[in-house]
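No value in this document is a laboratory result; all are computed from the given coordinates. Remember, predicted model here, so these are calculated numbers, not experimental data. A quick note on method: Cβ atoms are made from the backbone with ideal geometry, for glycine too, and the neighbour counts reach across all protein chains shown.
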Ligand code: CP
């Protein structure tokens, strides 16, 4: 696999590297079943979570992942910080780096922020993109691929890709970094990705993406995909009207109870969260046995353990111990 100095996008991952990350995440998931679900692997290392945008799942699961690997964690939230006094990303990152850190997990509203931090020379730490604007959310793509692989192959997942898996992603593709990371990663792993959205919520340039597109959720459901992933409507990024009314959106593109009843029993339902229940997904669909939404959250910890392990492996003379660590 390619050495992982930073993780900035799913687009940059080749098939072997992606599978290696998923396999290490399998090992990390096994750690969670131990009596003491913790490894000494990153003892003495410090991970800084820099969150300039709100988060529940990503921030807490990176924190949990770092702690399970025995790293120290410092967490920065822009709200309540000196960002309100005008402090820049560069000064914020350098201030935190001056306290002694080995990795930065960055969420930022600007597309490209993680790439800038990794390549600017402002800091030495490894950089993990935890979501940059509408660009990418690579660990979400990885945890989604991991969840799909587990649903397909169960305990025999190691080493497998997603060849031929039929994945339909529905909703606000335009504003979704999750959709972008999924498209690149899933197609690298051999899946067939179909995007369903109102034309106003598909990006310009989509013709060059390795996907098919449509505008009918009913037709997509009738095609019996293996995975139906509903996306959150990102009101906070909408500065214009992209559909007439929320009720109109829910009627045409929401996975409501009637559509959920039409779903093939083999189709799993996914959503990156947070969900707008009643808008893009009904409670019955979200809470059903076909839903893998909470599995996605659980798997997020394993994936983030794998990523932190890889970006911090051997990056200094004080390389992390793998004693008791994953087998991969
Ligand atoms: N899926 C996701 O990124 O959720 P959070 O915004 O809660 O981190």
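Computed on the Cα atoms alone, the convex hull of the chain gives a volume of 136 cubic angstrom per residue. In terms of other Cβ atoms within 10 Å, 122, 253, 184 run from fewest to most in the order 122, 184, 253. Distance from the Cα centre of segment 245-287 to that of segment 210-232, in angstrom? A separation of 12 Å, based on Cα centres. Between residue 235 and residue 98, the contour length at 0.36 nm per residue exceeds the alpha carbon distance by 45.7 nm.
Distance from the alpha carbon centroid of segment 95-157 to that of segment 194-209 works out to 24 angstrom. Bridge orientation summary for the chain: considering DSSP beta bridges with both residues in this region, about 5 percent are antiparallel. The slack in the chain from residue 79 to residue 216, taken as 0.36 nm per residue of separation less the alpha-carbon distance, amounts to 45.4 nm. Of the three principal axes defined by the Cα atoms of segment 138-292, the extents in descending order read 46, 34, 26 Å.
Model label sites at residue 32 and residue 290, defined 7 Å from Cα along the beta-carbon direction, differ in position by 2.4 nm.
Counting only DSSP H runs of at least 4 residues, each contributing -39500 (n - 2.57), and dividing by the residue count of the chain, the helix-based mean residue ellipticity at 222 nm comes to -10500 deg cm²/dmol.
Given their separation in residues at 0.36 nm each and the Cα-Cα distance between them, residue 11 and residue 298 gain 101.0 nm when the chain is fully extended. Does segment 1-94 classify as rounded, prolate or oblate by the C-alpha gyration tensor (a ≥ b ≥ c root eigenvalues; a/c under 1.5 gives rounded; else a/b over b/c gives prolate, otherwise oblate)? The shape class here is oblate.
For a test of the definition: using alpha carbon positions, the gyration tensor, and the 1.5 limit on a/c, classify segment 226-309 as rounded, prolate or oblate. Oblate is the answer for segment 226-309, as a/c is 1.5 or above yet b/c matches or exceeds a/b. Figure legend: label point modelled 7 angstrom from the Cα of residue 70 along Cα→Cβ; residues of segment 15-53 with amide N under 11 Å from it are 38-45. If you fit an axis through the alpha-carbon atoms of helix 57-68 and take the longest principal axis of the Cα set of the chain, what angle between them do you get, 0 to 90°, nearest 10? Tilt relative to the chain: about 40 degrees. Remark: relative contact order (segment 138-292) = 23 percent; criterion is Cα-Cα distance under 8 angstrom and separation of 6 or more residues. Neighbour counts of C-beta atoms inside 10 Å place 28, 1 in the sequence 1, 28, starting with the fewest. Ordering 163, 280, 53, 87 by the number of other Cβ atoms within 10 Å of each residue's own Cβ, fewest first, gives 163, 87, 53, 280. Each residue, residue 283 and residue 200, gets one label point 7 Å from its Cα in the Cβ direction; the gap between the two is 2.9 nm.
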